[in-house]
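The values are calculated or read from the model by the stated rules, or taken from the named source; none is laboratory data. Given the structure is predicted, the values throughout are model-derived calculations rather than measurements. Using ideal geometry, Cβ is built from the backbone for each residue, glycine included, and neighbour counts are taken over all protein chains shown. Accessible surface is based on the protein model in full, side chains and every heavy atom, while ligands, DNA and RNA are left aside. Shrake-Rupley method; radii C 1.70, N 1.55, O 1.52, S 1.80 Å.
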Amino acid sequence: MAEPCLSCGACCASFRVDFHVADLETSPGGCVPVALTVPVTATLVRMRGTDEGPPRCIALAGKVGQQASCTIYENRPGPCRDFAPFAALGIGDEGCARARRRHGLTPLGE
Ligand code: SF4
């Protein structure tokens, strides 16, 4: 099976992605482009597009389930790095399965 995270993108078009401002490029050690985020509180920001209906992160390129990729992969925020850590190996989890089902895709491993 081809590496699913190189084609899927369902998680990037399913959930709200909020994270601490420390992940922003304007913070020491941070890297996420500020222009791709919206402020939520004084300490929290959100990836643009992830709270729209339907959600889709502004950094996601391509078509979900066919060929989709994160355009800021090396600089993506913490929640994206932590999400479904074994999905790249074809092993999903509950959140991954929920996102895939939402887009009409079979959960990994089924
Ligand atoms: S930053 Fe990248 S990995 Fe995170 S939700 Fe957006 S497209 Fe997906």
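Annotations for the structure displayed:
- Scan region 25-55 for residues that are hydroxyl-bearing (Ser, Thr, Tyr) and on the phi > 0 side of the Ramachandran plot and the total you get is 0.
- Qualifying position, being more than 9 Å from the ligand (Cβ to nearest atom) and within 15 Å of Ile72 (Cβ to Cβ), among Cys12, Cys57, Cys31, Cys8: Cys31
- Odd one out for His20, checked against (1) open to solvent by 30 Å² or more (accessible area, probe 1.4 Å); (2) near the ligand (Cβ under 10 Å from one of its atoms): (2)
- Checked against (1) more than 12 Å from the chain's Cα centre (by Cα); (2) outside any loop (DSSP other than H, G, I, E, B); (3) more than 20 Å from Gly29 (Cα to Cα), Thr41 meets all criteria but (2).
- Tally, over region 74-110, of residues that are open to solvent by 100 Å² or more (accessible area, probe 1.4 Å) and assigned to a loop (DSSP other than H, G, I, E, B): 2
- Options Cys57, Cys11; residue that is modelled with pLDDT of 95 or more, crowded, with 21+ Cβ neighbours inside 10 Å and part of a loop (DSSP other than H, G, I, E, B): Cys57
- Residue check for Val64: more than 8 Å from the ligand (Cβ to nearest atom), open to solvent by less than 60 Å² (accessible area, probe 1.4 Å), modelled with pLDDT of 95 or more and under 17 Å from Phe15 (Cα atoms): yes
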